[in-house]
Amino acid sequence: MKPGRGDWWYDEAAGPLVRPYAMVRGRTRPLRPELHLVTQVRAMPSPSDPDALSVEHLEIMELCRRPLSVAEVAAYLDVPLVVVKVLLSDLIQRGDVVIRDPSRVPVVPDRNLLQAVLDGVRGI
C-alpha cells in the first residue's frame with residue numbers, strides 16, 4: 001500500500017516511523033489465538049465507531065473490503081505478523097471484521113462423486 005499525503009508516520013526512505021509495539025500499545029499477544037496465517041478476514045460494511053479506530057485499524061478495514069488472509073494483511077501493511085494479529089483481535093472484538101479459517105471448514109464430498117466411487121468399487 002502506497003503512503004498518501006496524510007501519512008506523516010511514513011518516510012519513503014526509512015519506512016514506518018512508528019515502532020510496531022507503539023501501534024499496538026505494547027501488547028504482544030492477540031486476544032484471539034485462532035488467528036492463523038491462512039485465516040480469512042473480511043471487514044463489515046461499516047465500522048461500529050470509526051472515530052475510535054487507529055490509523056492502522058482503518059487501513060485494515062479498507063484492505064479487508066474483500067477477504068484477505070492474515071498473512072496478506074501483514075504483507076500489505078508491511079508490519080510484523082504479531083502486530084496484525086493484535087490489531088485484528090481488536091477489530092474482531094468490536095465486531096468490525098469477521099474471520100473464517102479455511103483449514104477448519106469441513107468439506108463435504110459431492111454425493112455424485114461418492115456414488116461414482118461406490119459404483120467403481122462394486123465393479124471390481
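The values are calculated or read from the model by the stated rules, or taken from the named source; none is laboratory data. What you are looking at is a predicted structure, and each value in this text was computed from that prediction instead of being measured. Note: accessible area is taken over every heavy atom of the protein model, side chains too, but ligands, DNA and RNA are not part of it. Shrake-Rupley method; radii C 1.70, N 1.55, O 1.52, S 1.80 Å.
Here are the numbers for the structure shown:
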| read-out | value |
| --- | --- |
| Cα pair distances in segment 31-79, grouped into 10 Å bins until the bin that holds the longest one, percent each | 26, 55, 20 |
| Per-residue SASA entry for GLU34, accessible area with 1.4 Å probe, Å² rounded to 10 | 60 Å² |
| Distance histogram for segment 38-124 (every C-alpha pair counted, 5 angstrom bins, percent rounded to whole numbers) | 3, 13, 22, 18, 10, 5, 5, 5, 6, 5, 4, 2, 1, 0 |
